[in-house]
Amino acid sequence: MFLYCGIACRRKFFWCYRPLSTYVTKTRYLFELKEDDDACKKAQQTGAFYLFHGLAPLLQTSAHQYLAPRHSLLELERLLGKFGQDAQRIEDSVLIGCSEQQEAWFALDLGLDSSFSISASSHKPEMETELKGSFIELRKALFQLNARDASMLSTAQALLRWHDAHQFCSRSGQPTKKNVAGSKRVCPSNNIIYYPQMAPVVITLVSDGTRCLLARQSSFPKGMYSALAGFCDIGESVEETIHREVAEEVGLEVESLQYCASQHWPFPSGSLMIACHATVKPGQTEIQVNLRELETAAWFSHDEVATALKRKGSYTQQQNGTFPFWLPPKLAISHQLIKEWVEKQTCSSLPA
Ligand SMILES: NC(=O)C1=CN([C@@H]2O[C@H](COP(=O)(O)OP(=O)(O)OC[C@H]3O[C@@H](n4cnc5c(N)ncnc54)[C@H](OP(=O)(O)O)[C@@H]3O)[C@@H](O)[C@H]2O)C=CC1
Ligand SMILES: [Mg+2]
């Protein structure tokens, strides 16, 4: 595919053409599939499907890792036929990406039925045997997936959950209709368009210059600490959420803020995690934990954090009854945020 590159050659006064990069070609292809139902239906013929059951992805085990298998349309039709399900169910699938060779990737939940929105749990064990895998809760499997599968399945689950929960127009009460790609739903009676939503969440690593503040919720695995996180309230900027969450959860006022990175996070139902560093005002480091939100929070030194980063998640109780201090695994943005802080501290402590 070729496109004007928009750079006029001043001396010869003609437009240059340059081939589009693979990334741009892929992005334009996905855009077309979202806009054009016929093109998307056609893409299903040569595409591949990730399968779910009751929002749990189909996974296969390989060398202590989970792999997410993909199935062709033919294989899927055969499977549905074998379990007495209508091939029309494929219309419930959602587009989640494509390969560099433009093989479109879809996701379909075999345990959710858009016409009833109930879990069609029958045949699940038989399907697992037939598919040589198991439907495993994403929460349990996420950290044993490679980064690509983790990202694809997180997107797929969030989209499938959103469609399952948005089958009716909130104004007319009429059933809404999804486009083939699943990038929106429309109410036929009033043409209101509904787009998939996600909740913005900020995650902040507060530092006092030499230490960083980490906290635990009682729901975290034993011994695990993370940075402070909180959902954005409606009307708030990211900066305002950070100021409010830090004040609410640990009773501190933050000063400077610095953006680090962002990540889609599938829990509880699809969030955009926005990770930032923050510093507190000098001399104002006394933590007052809000016990309605957190179990505990504390300041940790560079060395404590650097050691914990190297530790793999462990729930093993030590002889003194405590659990070792450990941090979220690599895939979680909190890990990246904490790692970046450790690296910055290391650099700033090196002799000039
Ligand atoms: N990827 C990562 O590295 C990390 C991700 N996280 C994620 O960040 C998210 C937010 O952290 P958390 O500290 O729990 O958030 P908050 O501090 O905002 O507290 C959670 C509470 O906020 C309320 N709430 C407000 N808006 C929403 C919404 N849109 N969806 C759900 N609950 C909402 C709920 O209260 P109520 O139940 O009373 O309605 C909920 O119990 C979590 O879902 C967690 O999975 C957290 C740490 C690390
Ligand atoms: Mg919180």
> Within segment 23-80, restricting attention to residues that are aliphatic (A, V, I, L, M), part of a loop (DSSP other than H, G, I, E, B) and surrounded by fewer than 21 Cβ atoms within 10 Å (Cβ to Cβ), which residue is nearest to the chain's Cα centre (by Cα)?
Replying inline: LEU55
> Quick one: how many residues across segment 54-75 are closer than 14 Å to LYS132 by Cα and either in contact with a Phe, Trp or Tyr (Cβ under 7 Å, 6 or more places away or on another chain) or of a type outside the set (Phe, Trp, Tyr) (or both)?
Replying inline: 12
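For segment 172-181, check the following and say yes or no: at least one residue is closer than 30 Å to THR241 by Cα, β-branched (Val, Ile, Thr) and touching an Asp or Glu at 6+ places or on another chain (Cβ under 9 Å).
So far as segment 172-181 goes, no, none of its residues is closer than 30 Å to THR241 by Cα, β-branched (Val, Ile, Thr) and touching an Asp or Glu at 6+ places or on another chain (Cβ under 9 Å).
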> Within segment 262-293, which residues are at positive phi and within 29 Å of the chain's Cα centre (by Cα)?
Replying inline: GLY270
>> Could you check segment 121-154 and list, in sequence order, the residues that are under 14 Å from the mean Cα position of the chain (by Cα) and surrounded by fewer than 19 Cβ atoms within 10 Å (Cβ to Cβ)?
In response: ARG139, PHE143, ASN146, ALA147, ARG148, SER151
>> Based on this model, can you work out whether HIS335 counts as away from ligand 2 (no atom under 16 Å from the Cβ) and under 30 Å from GLN197 (Cα atoms)?
In response: yes
> Would segment 258-267 turn up any residue that is more than 14 Å from ligand 2 (Cβ to nearest atom), in contact with a His (Cβ under 7 Å, 6 or more places away or on another chain) and without any contact (Cβ under 8 Å) to a residue 24 or more places away in the chain?
Replying inline: yes
> How about segment 250-288: which of its residues are within 13 Å of ligand 1 (Cβ to nearest atom) and among the aliphatic types (A, V, I, L, M)?
Replying inline: VAL250, ALA261, LEU272, MET273, ILE274, ALA275
>> Take the conditions in a loop (DSSP other than H, G, I, E, B) and within 16 Å of ligand 2 (Cβ to nearest atom) and apply them to GLN284. Does it pass?
In response: no
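Throughout, read-outs are computed from the coordinates displayed, never taken from laboratory work. The model shown is predicted, which means the values in this text are computed figures rather than measured ones. All Cβ positions, glycine included, derive from the backbone under ideal geometry; neighbour counts span all protein chains shown.
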